[in-house]
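What follows is a single structure, written as structure tokens, with notes after it.
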Amino acid sequence: MLCVLIMIFTAAGCGNEGTDFVIREESAVKETPVKGEDDDYKIYLITMDKHYNNYWKVVEAGCEQAVKEIGGINYKWIGPDERVAALQAECIDRAVDEGADAILVTAISSTETNENLKRAEQAGVKIVYIDSAATYEAIATLMTDNEAAGKIAGEAMLKALQAAGIQSGTLGVLSVGEDTQNTNMRDKGFREALEGTNFTAAPTVYMHNDINIIKDYVRDHSEYVGYFATNQQATFAITDQIKDYPSVPIVIGFDTDNATLSAINKGIIYATLKQNPQKMGHDGIEIAVKALQGIYKDKNVIIDTGVSIVTKESLR
């Protein structure tokens, strides 16, 4: 049976849920499979986690859509229980051992799973990154232009501060971890947007799987005039902290789960950045299959899946 492995890197170890896949006995490097009449490609989706937020479920919906459209795919979604690179590495190894043909990966770390990815490629597995990439070579990366998204967030922040009559001050930047490439680029773009202004971005605070780090930081810095949260978890953490404040700082978040959109409607946060995770999953599956069929021959192609700003006005 032929297999497609789709991985999304996460910061936690691989879950131990049961699988209906038969583990291969051979370990030799595979030739690129040619799908026979009765054979399926085996596809794995490996996310940063499987329970932390709705974002991965939207990615999963895109994958499922493509699987139904294309047919001939034996597809499975796996992921760690928490965001730890070593646990995500276990997921990669598991997919290889179970005979994956291709993987879609959202990388927790830009470097810590490179050896596992190398093993996957040596086994003949096609690697596609979605949302966040590692430094190991892949056939394609489907993701938001994160630096541009950060600049959009910074420009929205400056607009909101001006409308509020705030002329200067310090802004907090809240993120997930030091080695997550996509959030680091959002951070960079946000800071670039502030250059030449009277606003200063404080050193980035990282959540490290503990929302209380962010909540305590926000509580202890009431003098900050605004915050930029570079991902969905950080957005949730700051929203939960300030939701009952009589006067809230200006907050720009990331991603569009229901809790974030509700917070925008209630005026708790000013805006959020909307990505296209369903397109990432859908098009990632398509590219993996075309690569296995020998149709897609490119390497290291970066595909921008787009981003937009969501405010209370745009929700009306």
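In terms of accessible area, using a 1.4 Å probe and ignoring ligands and nucleic acids, HIS208, HIS221 rank largest first as HIS208, HIS221. Across region 273-307, the residues whose backbone nitrogen lies under 18 Å from the label position 7 Å along the beta-carbon direction of ASP39 are 288-296. For region 197-209, putting each phi into the Karplus relation 6.51 cos²θ - 1.76 cosθ + 1.60 with θ = phi - 60° gives couplings of 9, 8, 10, 10, 8, 5, x, 5, 9, 9, 6, 6, 6 Hz, in residue order, rounded to whole numbers and with x for Gly and Pro. Using 0.36 nm per residue and subtracting the Cα-Cα separation, the extra length available between ASN198 and LYS68 on full extension is 41.6 nm. Note on LYS290: accessible area is roughly 90 Å² with a 1.4 Å probe, heavy atoms of protein only.
The spread of Cα positions in region 69-189, taken along each principal axis and listed from longest to shortest, comes to 59, 34, 25 Å.
For the chain, the share of accessible area belonging to carbon and sulfur comes to 47 percent (1.4 Å probe, ligands and nucleic acids excluded). In percent, what relative contact order does the chain have, based on Cα pairs under 8 Å that are 6 or more apart in sequence? Here the relative contact order equals 21 percent. Restricting the calculation to Cα atoms, the chain shows an Rg/Rh of 1.02 when the hydrodynamic-style radius is the Kirkwood one. Between GLN162 and THR111, the FRET efficiency from the beta-carbon distance, with R0 = 41 Å, is close to 0.55.
A Förster distance of 25 Å, applied to the separation of the beta-carbon atoms of ARG219 and GLU155, puts the FRET efficiency at 0.35.
With a 1.4 Å probe rolled over the protein heavy atoms of all chains, the accessible area of PHE228, PHE236 falls in the order PHE236, PHE228, largest first. Averaging the sequence gap over all C-alpha pairs within less than 8 Å and six or more residues apart, then dividing by the number of residues, gives region 215-316 a relative contact order of 24 percent. With contacts taken as Cα pairs under 8 Å at a separation of at least 6 residues, region 59-190 carries a relative contact order of 21 percent.
Available extension along the chain between GLN122 and ASN209 is 28.1 nm, counting 0.36 nm per residue and deducting the alpha carbon span. The largest accessible area among ASP131, ASP39, ASP244 belongs to the first residue in ASP244, ASP39, ASP131, and the rest follow in falling order (1.4 Å probe, all chains). The phi torsions of region 259-265, fed into the Karplus equation with coefficients 6.51, -1.76 and 1.60 and a -60° offset, translate into couplings of 5, 5, 5, 5, 5, 5, 4 Hz, rounded to whole numbers, with Gly and Pro shown as x. Here, P(r) means the percent of Cα pairs in each 10 Å bin from 0 to the largest distance; for region 201-316 it is 12, 37, 25, 16, 9, 2.
Applied to region 308-316, the Karplus parametrisation 6.51 cos²θ - 1.76 cosθ + 1.60 on θ = phi - 60° returns per-residue 3J(HN,Hα) values of 8, 8, 10, 10, 4, 5, 6, 7, 6 Hz, with x for Gly and Pro.
For the chain, the 222 nm mean residue ellipticity estimated from helices alone, with every DSSP H stretch of n ≥ 4 adding -39500 (n - 2.57) and the total spread over all residues, rounds to -11500 deg cm²/dmol. Could you tell me which of the pairs LYS68/LYS279; LYS57/LYS299; LYS151/LYS243 are separated by over 23 angstrom between their Cα atoms in the structure shown? Flagged as over cut-off: LYS57/LYS299; LYS151/LYS243.
Based on protein heavy atoms only, the chain ends up with 43 Å² per residue of surface accessible to a 1.4 Å probe.
The values are calculated or read from the model by the stated rules, or taken from the named source; none is laboratory data. What you see is a predicted model; the values in this text were computed from it and never measured. For neighbour counting, all protein chains shown are included, and Cβ atoms are generated from backbone atoms with ideal geometry for every residue, glycine included. Only protein heavy atoms, including side chains, enter the accessible area calculation; ligands, DNA and RNA are left aside. Shrake-Rupley method; radii C 1.70, N 1.55, O 1.52, S 1.80 Å.
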